[in-house]
1. Run down ALA87, ALA95 and say which single residue is in contact with a Ser or Thr (Cβ under 6 Å, 6 or more places away or on another chain), at pLDDT 90 or above and of a type in the set (A, V, I, L, M, F, W, C).
2. On the given criteria, is ALA87 open to solvent by less than 90 Å² (accessible area, probe 1.4 Å), touching a helix residue (DSSP H, G or I) at 6+ places or on another chain (Cβ under 6 Å) and among the aliphatic types (A, V, I, L, M)?
3. Say whether the condition of being within 15 Å of ARG22 (Cβ to Cβ) and at pLDDT 65 or above is met by at least one residue in the stretch 123-139.
4. Mind listing whichever residues of the stretch 11-70 are modelled with pLDDT of 85 or more, open to solvent by 70 Å² or more (accessible area, probe 1.4 Å) and among the small types (Gly, Ala, Ser)?
Amino acid sequence: MLLLMRQKVQKPRKSARPPRIRVPNNERALFTVNNQKLVGVIQRLSLTGGSAILSKGPISQGTLGDMGLNTVFGKVKAQIQFLHTGADGIPLAQAFRFIDMDDVSRERFSAAAAQMQSAGFSDVKEKALGDLTSQSLSKLRDSISRLSVLINSGRQQRAKK
């Protein structure tokens, strides 16, 4: 008799999404698409891309362009591809991904992203704060519930007297 063993097919693991960083101070970037320059206000950034609200409205999905962003570590230049609109729940925000970035720009961008992340602008900290808030509310609810039981039992004992 031949026994066949079923093996689980292992799905490739989806890599963890890089932390997304809320960009403070309405930072602007210069986008160039088909030799036309557009100003955009950066909403979020990550090591793989970001989102911006563009001055002249959305760009067709899949369009390639260039982006120039000034950081405290120097100017960052990158080739990008525009993605969908409505990024981060903001109808006018358009997502983009980085296609290419030279080594100097990559170092500057990584340093700027790390600085913004350590300053508390990363969504990783938002989630941690959300968990902390949830835990605090849960403890508060439990305390109120216990207090309510104590108050009700005190009322019942007085009513019996």
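The values are calculated or read from the model by the stated rules, or taken from the named source; none is laboratory data. Since we're looking at a predicted model, the values are computed, not measured. So basically every Cβ, Gly included, is an ideal-geometry build from the backbone, and we count neighbours across all protein chains shown. Heads up: the accessible areas ignore ligands, DNA and RNA and are worked out on the full protein's heavy atoms, side chains in. Shrake-Rupley method; radii C 1.70, N 1.55, O 1.52, S 1.80 Å.
1. It is ALA95.
2. No.
3. Yes, there is a match, as at least one residue in the stretch 123-139 is within 15 Å of ARG22 (Cβ to Cβ) and at pLDDT 65 or above.
4. Of everything in the stretch 11-70, those that are modelled with pLDDT of 85 or more, open to solvent by 70 Å² or more (accessible area, probe 1.4 Å) and among the small types (Gly, Ala, Ser) turn out to be SER55, SER60.
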